[in-house]
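See below for the structure under consideration.
The values are calculated or read from the model by the stated rules, or taken from the named source; none is laboratory data. Not measured: the values here are computed from a predicted model. All Cβ positions, even for glycine, are placed from backbone atoms using ideal geometry, and neighbour counts span all protein chains on display.
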Amino acid sequence: MSIFSVSKTRFAEGIWEGLVRASDQVHGQPTIEAFHLEQSLPSVHIDATGDGKWTLRIPVPANILSDGVQTVLIRDTSTNETLEKFSIVAGEPLSEDLRAEMDLLRAELDMLKRAFRRHCLETS
C-alpha cells in the first residue's frame, strides 16, 4: 500500500497539476508515473514543496487525444498502486455518455414521483 496520496489542483493549458502528500514522514521523493493505455507518459514532473508535499505536473500529449473518453492513471511505481486518475472527453458526443444517462434517470425518477404522489392522493 502506498504512503502517498494525490489530489488534483487544476487542469489548464494541457497540463494536469496535483499535490502529492505523504501519510508519514518520508525521506526522499515519490516515484510517480502517469499511464495511458498502459503506456507511460513522458515529461512527468515532481517538485518538492516541503513538509512531505510535492507538486505534480503531467503534460497531456496531443497524440492521446481522440474521439471518446481517454483515461490517465497516476501510479506510485514503488507499489504499482493507482493514486489518482483523470479522464478527458473529446470529439462527437457519446451516445451512451454517463452524464446523459444520469439526466435521463433523474427525469424518469421525477416522473415516477409525480405519478406516485398522484396515486396516493387518488386512493386516500
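The single condition among (1) in a loop (DSSP other than H, G, I, E, B); (2) under 30 Å from Gly91 (Cβ atoms) that Val6 does not meet is (1).
Residues that are at pLDDT 95 or above, out of contact with any strand residue (DSSP E or B) (no Cβ under 8 Å at 6 or more places or on another chain) and not hydroxyl-bearing (Ser, Thr, Tyr) are absent from the stretch 39-59.
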